[in-house]
Structures are given as structure tokens and as C-alpha cells.
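Right, one structure below, let's go through it.
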Amino acid sequence: MHELSIVMSIVEAAEEQAMKHQARAVECIDLEIGNLSGIDEHALEFAWEVGVKNTLLEKAHYNINKVKGWARCSNCDCEFEIKELFDPCPLCGEYLINILRGKEMKIQSITLLN
Ligand SMILES: [Zn+2]
């Protein structure tokens, strides 16, 4: 499952931070997830429960901050919000657009328990 490998990489990164700061556990973690990342929140929730077992994140809470999809048209250069990966430019209808934001999935901050 796609989401489980995402959770595992989050766990890995967070545990590395925890070790570095000699923390006992991770209390809270803020995630930034783009609307175009293709990540399903329900699947993520399920994967989270499986993925954090026996790790320093076992009791951690996580918050998801959604990031809007944003793109620039390669024809008329306008910038616009996109909801789907293959939306055309709303001004000229061009399909060749550059995604500026919204595909990312990253850790914003981690709160450690010492
Ligand atoms: Zn355009």
C-alpha cells in the first residue's frame, strides 16, 4: 500500500530527529499534504495505526495541513488553483501546465517528548 510506505518514511525521519535530541517519544507531528499528492486520508489513518506500532511514534498525534494545488500555464503564464492533476488553464484552455505546489508531502514540525 502506497500510504504505508509514506507512514514508514515519516516514522523513520521522526525517529531520527528523536534520537538526535535524545527524546523518549514523539508527541505530535504536523504533516503538510498537497491536494494533488494522491494521498488518501482514510488510507493514511489506517496505515498510521499499523506503521507506528512499536516505534517512538506509537502514541503520537498527527495533524494534516492541506496545501492547495497551484499551477502556471505554459502558454499564457497565468497562475491558478487546480483541483485535479490534469486540469487545463482556466484562461486559455492549455493543458501544458507546470505544477507549482500541491504534490508534496512533508513533515512540517515534530514535537518531542523528553
Ligand atoms: Zn493559459
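Quick one: angle between helix 2-20 and the longest Cα principal axis of the chain, in degrees between 0 and 90, rounded to 10, please. The angle comes out at about 50 degrees. Once the chain from residue 5 to residue 17 is taken as fully extended at 0.36 nm per residue, the excess over their C-alpha distance is 2.5 nm.
Normalised by the number of residues in the chain, the mean separation of alpha-carbon contacts (under 8 Å, six or more apart) gives a relative contact order of 37 percent.
Starting from the Cα of residue 40, move 7 Å in the Cα-to-Cβ direction to define the label point; list residues of the range 1-19 whose amide nitrogen is under 20 Å from there. The answer is 1-10. Which longest run of the chain has no exposed loop site in it, a site being chymotrypsin sites (Phe, Trp or Tyr not before Pro) in a DSSP loop with at most 13 other beta carbons within 10 Å, and the site itself not part of the run? It runs 1-85. DSSP finds beta bridges in the range 2-113, and of those with both partners inside it, around 70 percent are antiparallel.
Overall, the anisotropy analysis places the range 2-113 in the prolate class: the square-rooted eigenvalues a ≥ b ≥ c of its C-alpha gyration tensor yield a/c not less than 1.5, with a/b exceeding b/c. Specify which residue in the list 64, 90, 111 is farthest towards the positive end of the charge dipole of the chain, using unit charges on the beta carbon of Lys, Arg (+1) and Asp, Glu (-1), about the Cα centre. Toward the positive end, the furthest listed residue is 111. Counting neighbouring beta carbons within 10 Å and listing from fewest to most, the residues 96, 112 come out as 96, 112. Here the dipole of the chain is about 260 debye; that uses its Cα centre as origin and unit charges on the Cβ of Lys and Arg (positive) and Asp and Glu (negative). Note on the chain: helix-only mean residue ellipticity at 222 nm, from DSSP H runs of 4+ residues weighted -39500 (n - 2.57) and normalised by residue number, equals -8500 deg cm²/dmol. Placing +1 on each Lys and Arg Cβ and -1 on each Asp and Glu Cβ, with no other charges, gives the range 20-74 a dipole about its Cα centre of roughly 240 debye.
The numbers here are math on the coordinates, done by the rules we state, and not lab data. Quantities reported herein were computed from a predicted structural model and do not represent experimental measurements. Every residue, glycine among them, receives a Cβ derived from its backbone with ideal geometry; neighbour counts consider all protein chains shown.
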